[in-house]
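Have a look at the structure below, then the notes.
The values are calculated or read from the model by the stated rules, or taken from the named source; none is laboratory data. Predicted model, so just to flag it, every value in this text is computed and none were measured. Virtual Cβ from ideal backbone geometry, glycine too; neighbours counted across all protein chains shown. Just the protein is used for accessible areas: all its heavy atoms, side chains included, with ligands, DNA and RNA removed. Shrake-Rupley method; radii C 1.70, N 1.55, O 1.52, S 1.80 Å.
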Amino acid sequence: MGGDALLVVAAGLVGLCFGSFLNVCILRLPHEQSLVRPPSTCPTCGKRIAWRDNIPVVSWLLLRGKCRNCGAPISLQYPVIELLVGALWAAAVLYYGVSVHALAAAVFMTILLGIAITDARHYIIPDEFTWGGLVLGLALSLDGGGPGLVQAILGAAAGFGLLYVVARAGQWVFKEEAMGGGDIKMMAMVGAFVGWQGVLLTVFAGALLGTLIFVPLSLKKKRLVPFGVFLALGAAVTYVAGPALISWYMAFIGFGRSF
C-alpha cells in the first residue's frame, strides 16, 4: 500500500474515533449532560462499558450489537455514525491531501452531521456545535493568514446577520417565532468555514432542499421538519461545490469571472 493510501486509511481511523465521540455528543448534549461524566455505561443495566467494548465499529461487531453484561441491544446508530465520520475524514484527505484544508473539511462535515441528527431528533442545535464550531472555523482560517481570518469573520457576521433578519421578519409577519436561535448561531459557524458568499449559497440551497423535502415530509408525518437539517445539507454542498457553483452563476449572469 502506497504512502498516500496509508494516510487516507489513517485519516479514516482517526475519523472513526471522532465518530465515537460524536455519538456521545448526539446522545448527551440535547439533555445538557456532561460529555465526560459519567463514563460510557449501558443504558439498560447501567454497568460501565469496558475499553475493549468501546472500540469504534469493531466492538459492536464482536458483541453482535448487544451489551456484554445484560445482552440488551446496542443501537445501530453507533457503528453507522462512526463509519460515516470515518468515511468523511478519509475522503477529506483523499480530496484535499494532508493539509489544514482537509482538517477543516473533516471537522466541518463532522459538526454538520451532529447538528443534522440532533436537530432532526430533538429540534435542538446545541451551542457546543455552533459556538464551538465557530471558534474552530476561525482558528482553522488562520491557515490563510490575515485575509483568511477576515474572510471567516465576514462570513460569520453575514451568516448570523442574515438569519437574524430573516427570523425577525418572520416573527413580525407571522406574529410568532419563525426561526430558532440555534439556526442563527449555526449560520455564524457555517459562515466561518464558507465565507459570506458561501452563506448566501447555503441559505439558498437549504431553502430549496427544504421546499422540496420539508413540505412532503411535514404533510406525511403531520409534524414540522427542522430547518437546521436542510441548512446542514446546504452547507455541505456549499463547502464541496460552492466555488464552482458561484463561478458558474457569475458567468451565467454575465460577470464572467470566478471568485
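Numbers at a glance
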item	result
Size of charge dipole - the chain - debye, nearest 20, with Cβ of Lys, Arg +1 and Asp, Glu -1, no other charges	860 debye
Residues W172 and L61, FRET efficiency given R0 of 41 Å [Cβ-Cβ distance, rounded to 0.05]	0.15
Top of D53, D183, D119 by mean-square fluctuation, Gaussian network on the chain, Cα under 10 Å	D53
Placed amide H near K66: partners under 5 Å, 5+ positions off or other chain	I74
Peptides ranked, highest mean first, by Cβ atoms within 10 Å: ranges 146-157, 235-246	235-246, 146-157
Per residue, in Å², the accessible surface of region 56-176 once ligands and nucleic acids are set aside, probe 1.4 Å	54 Å²
Quarter of Cα convex hull surface for region 12-131, i.e. mean projection, nm²	7.7 nm²
Leading residue at positive end of dipole, the chain (Cβ point charges), from C25, M189, A156	C25
Rounded Å value of the spacing that divides the Cα centres of region 60-95 and region 15-58	11 Å
Leading residue at positive end of dipole, the chain (Cβ point charges), from A169, A205, P43	P43
For T41, distant residues with modelled amide H under 5 Å away	I49
